[in-house]
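Note sheet for the following structure.
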Amino acid sequence: MEEIMRGWMASIRRTHDPRQQSRAYARLRQLFRFFSTWEVLNWDERTTDEFEALKRAKTRIGTMDLKIASICLAHNGTLLSRNRKDFDHVPGLRVEDWLT
């Protein structure tokens, strides 16, 4: 969710064309409405502990993916992602790809 929001905010900042900004803001509003239907899990002490443990274990995936994995592990969740290549490196993480 954070990556998507950052992407749209960057699009708004990059363009100086008011019409393009208007379209980007409209898309951002749509995303807010879409995400409002989700239960967003907390980044809490358990999540921080999982994140730090994965960092200490030198889990070889990007920081944002480590954060996502940490949230799933801390909340005993299953991650839905097409990115099996990276997330399969995370011990104990349940990953499913519903698109295959």
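The values are calculated or read from the model by the stated rules, or taken from the named source; none is laboratory data. Being a predicted model, the structure only gives us computed values, none of them experimental. For neighbour counting, all protein chains shown are included, and Cβ atoms are generated from backbone atoms with ideal geometry for every residue, glycine included.
Here are some conditions: (1) under 14 Å from the mean Cα position of the chain (by Cα); (2) within 22 Å of PHE87 (Cα to Cα). ASP44 meets all but one. Which one does it not meet?
(1) is the only condition that ASP44 fails.
Just one of ARG33, ARG6, ARG29, ARG13 is assigned to a helix (DSSP H, G or I), exposed (fewer than 13 other Cβ atoms within 10 Å of the Cβ) and modelled with pLDDT under 90; which is it?
ARG6
Which members of region 46-65 meet the condition of being crowded, with 19+ Cβ neighbours inside 10 Å, in contact (Cβ under 8 Å) with a residue 24 or more places away in the chain and of a type in the set (A, V, I, L, M, F, W, C)?
Listed by number, the list holds a single entry, LEU54.
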